[in-house]
1. Given the criteria crowded, with 17+ Cβ neighbours inside 10 Å, closer than 20 Å to C69 by Cβ and in contact with a Lys or Arg (Cβ under 6 Å, 6 or more places away or on another chain), does D256 qualify?
2. Got a number for residues in region 141-189 being among the hydrophobic types (A, V, I, L, M, F, W, C) and either modelled with pLDDT of 95 or more or closer than 30 Å to L281 by Cα (or both)?
3. Check whether at least one residue in region 225-244 is more than 24 Å from R174 (Cα to Cα) and crowded, with 20+ Cβ neighbours inside 10 Å, and report yes or no.
4. Just checking, how many residues over region 68-114 are open to solvent by less than 10 Å² (accessible area, probe 1.4 Å) and among the basic types (K, R)?
5. Looking only at region 14-56, count every residue that is open to solvent by less than 50 Å² (accessible area, probe 1.4 Å) and assigned to a strand (DSSP E or B) and tell me the total.
6. Return only the number of the condition from (1) within 30 Å of R26 (Cα to Cα); (2) open to solvent by 50 Å² or more (accessible area, probe 1.4 Å); (3) at pLDDT 95 or above that Q249 does not satisfy.
7. In contact with a Lys or Arg (Cβ under 8 Å, 6 or more places away or on another chain) and either outside any strand (DSSP E or B) or closer than 17 Å to S65 by Cα (or both): which single residue out of G230, G245, G264 fits that description?
8. Do we find that I232 is in contact with a helix residue (DSSP H, G or I) (Cβ under 7 Å, 6 or more places away or on another chain), among the aliphatic types (A, V, I, L, M) and modelled with pLDDT of 95 or more in this structure?
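The values are calculated or read from the model by the stated rules, or taken from the named source; none is laboratory data. Just so it is clear, the structure is predicted and the values come from calculations on it, not from any experiment. Virtual Cβ from ideal backbone geometry, glycine too; neighbours counted across all protein chains shown. For accessibility, only protein heavy atoms count, side chains too; no ligands or nucleic acids. Shrake-Rupley method; radii C 1.70, N 1.55, O 1.52, S 1.80 Å.
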Amino acid sequence: MGNRAIRLKEFEPHLDFLTSPSEEYRALRGGNPVGSDFRVRTDNDGFIISGERTAPKKIVGLGDSVLECIYVHEGNRICAQIEQGLDNGIQVLNGGYSGATSLHLLNTILNKIIPLWPAGIFLMTGIMDLEATFKVRSFWSDDTYLRSVFEIGGEPGGWDQNFRPNMDVENRARLINTTIMACRNFGLPICYISTPHLQMYEGYYVKTRFSRPEYEERISNRRRANATVGSICLASAIPYYDIEGAFAQRPELFHDDIHLNDEGTVVLAEALADQGFFRLLRHWAG
């Protein structure tokens, strides 16, 4: 047996712990997130539990730390808000994980989600995809946070500082198209949600880390990343829910520039409801 493995971005099963942001994390964000002891529980398959509901019909959400919502209270995370908007017979499982890219999510779908046969899955990806697309080796970077293959028992590795001048848009599109094709081939309903992000030069985190031109470039890249997903979904006749605009000028909804707070997740759920997202999930669940 070899000593390398394909990385599965997930939590361990059967966890129940309290977590709080470090003082350094808070200091970078001007004191945010407010609060401590955010509870994280996982089920038999390592999904973050959204609440107390156990139901026969499962909907799975996949994404990076934006969907994960580790520093949002358990009942207010994005997946919890979605679950609360559905019938009692439907459970929403939080498959968000910090640092997950479209490559990681494709691997998760093929090796973990399909055997569970959920009623459907929704994906929110973009922030970590952007991080990957600016690496020379793109999604296959050896970066400790991004790499998809690792040595069992080996060192965690370092940060990949080899950047390219322009985004690797082509390979990201290929990964998203492959994900859609895989789900269709296995009869698994799928949709995408755009990634929320702050679209104004405002807030302690933004102003202490970026110049105005630097941050305006980040806004442009994130909009482009969301638009790419929307275009692919349109071409593939896959439902796409664009909630980006609901957060454009709302710094009070974020811990920083991408991670929502307890109020922000409520706004996201309301934006999804306005676009008929919950009707789609009910349809999937039958």
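1. Here the answer is yes, as D256 does meet what is asked.
2. 10
3. Checked region 225-244: no residue is more than 24 Å from R174 (Cα to Cα) and crowded, with 20+ Cβ neighbours inside 10 Å.
4. Of the residues in that region, 1 qualify.
5. 6
6. Result: Q249 passes all but (3).
7. Of the residues listed, the single one that is in contact with a Lys or Arg (Cβ under 8 Å, 6 or more places away or on another chain) and either outside any strand (DSSP E or B) or closer than 17 Å to S65 by Cα (or both) is G264.
8. yes
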